[in-house]
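Asker: Can you read through this structure? Questions will come right after.
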Amino acid sequence: VQLQASGGGLVQAGDSLRLSCVASGRTFSSYRLGWFRQAPEKEREFVAAINRSGSAKDYADSVKGRSTISRDNAKNTVYLQMNSLKPEDTAVYYCAASTYYRNSVYARDYNSWGQGTQVTVSS
């Protein structure tokens with residue numbers, strides 16, 4: 001599956017953004033999906049994951065309560081709604097697809113990656 005993320009931008013602290021990631025192919029609903037982010041000079045870190053039906057979601061502690069992952073299998077799209085953004089949320093955000101047996105927080109468990117979208121939060 002090929003993934004393309006969009007929706008990033010420059011916002012102020014406290015603002016909201018919704019990231020989207022569109023997938024190609026007919027098997028989108030067979031993949032678990034995740035969002036990761038990578039700030040300059042830092043390791044890529046897990047943000048959120050969602051199972052195939054959308055019934056199970058997992059979040060990093062750093063975004064829990066402020067972010068919501070969702071998917072629309074009819075549109076081959078996964079979303080990440082981020083609210084109350086903080087400067088420390090500044091990073092390149094990547095969507096990823098996984099055939100792993102459960103939602104994973106590890107990048108190594110994801111098979112396909114999008115190109116990333118930049119999110120910059122100013123204070």
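Asker: Mind checking the range 1-82 for GluC sites (Glu not before Pro) that DSSP puts in a loop (not H, G, I, E or B) and that have at most 13 other Cβ atoms within 10 Å? List each step's numbers first, then the result.
Answerer: Working: sites: 41, 43, 45; in loops: 41, 43.
In loop regions of the range 1-82 (DSSP not H, G, I, E or B), the sparsely surrounded GluC sites (Glu not before Pro) are 41, 43.
Asker: For residue 86, give me every one of the lysines with a C-alpha distance below 29 angstrom, ignoring sequence neighbours fewer than eight places off in its own chain.
Answerer: 42, 57, 64
Asker: Compute, for residue 16, the solvent-accessible surface of its heavy atoms (probe 1.4 Å) with the complete set of protein chains present, and express it in square angstrom to the nearest 10.
Answerer: Counting only protein heavy atoms, the figure is 60 Å².
Asker: Mind jotting down the three principal axis lengths of the range 7-91 based on Cα atoms? Whole angstrom, largest first.
Answerer: 37, 24, 22
Asker: Per residue, how large is the accessible surface of the range 78-123? Use a 1.4 angstrom probe and give square angstrom.
Answerer: Each residue of the range 78-123 exposes 47 Å² on average to a 1.4 Å probe.
Asker: Note down the net charge around residue 64, summing +1 for each Lys or Arg and -1 for each Asp or Glu among other residues with Cβ under 15 Å from its Cβ. Intermediate results must be reported in sequence, preceding the final value.
Answerer: Values: positive: 37, 57, 66, 86; negative: 45, 58, 61, 88, 89.
So the environment of residue 64 carries a net charge of -1.
Asker: Ok, one more. Considering only C-alpha atoms, what is the centroid distance from the range 45-123 to the range 1-30, in Å?
Answerer: Using only Cα atoms, the two centres lie 9 Å from each other.
Asker: Using a Gaussian network model of the chain whose springs link C-alpha atoms within less than 10 Å, name the residue from 68, 27, 99 with the highest mean-square fluctuation.
Answerer: Looking only at 68, 27, 99, the largest GNM fluctuation is found for 27.
Asker: Show me the chymotrypsin sites (Phe, Trp or Tyr not before Pro) within the range 38-118 that DSSP assigns to loop and that have at most 16 other Cβ atoms within 10 Å of their Cβ. Numbers along the way, then the final one.
Answerer: Values: sites: 46, 59, 79, 93, 94, 100, 101, 106, 110, 113; in loops: 100, 101, 106, 110.
Taking the range 38-118 and a limit of 16 other Cβ atoms within 10 Å, the loop chymotrypsin sites (Phe, Trp or Tyr not before Pro) found are 100, 101, 106.
Asker: Can you tell me the FRET efficiency between residue 41 and residue 101 if r is taken as the Cβ-Cβ distance and R0 is 35 Å, rounded to the nearest 0.05?
Answerer: E between residue 41 and residue 101, to the nearest 0.05, is 0.60.
The values are calculated or read from the model by the stated rules, or taken from the named source; none is laboratory data. Computed from a predicted structure; not experimentally measured. Reconstructed Cβ throughout: ideal geometry from the backbone, glycine too, with neighbour counts over all protein chains shown. Only protein heavy atoms, including side chains, enter the accessible area calculation; ligands, DNA and RNA are left aside. Shrake-Rupley method; radii C 1.70, N 1.55, O 1.52, S 1.80 Å.
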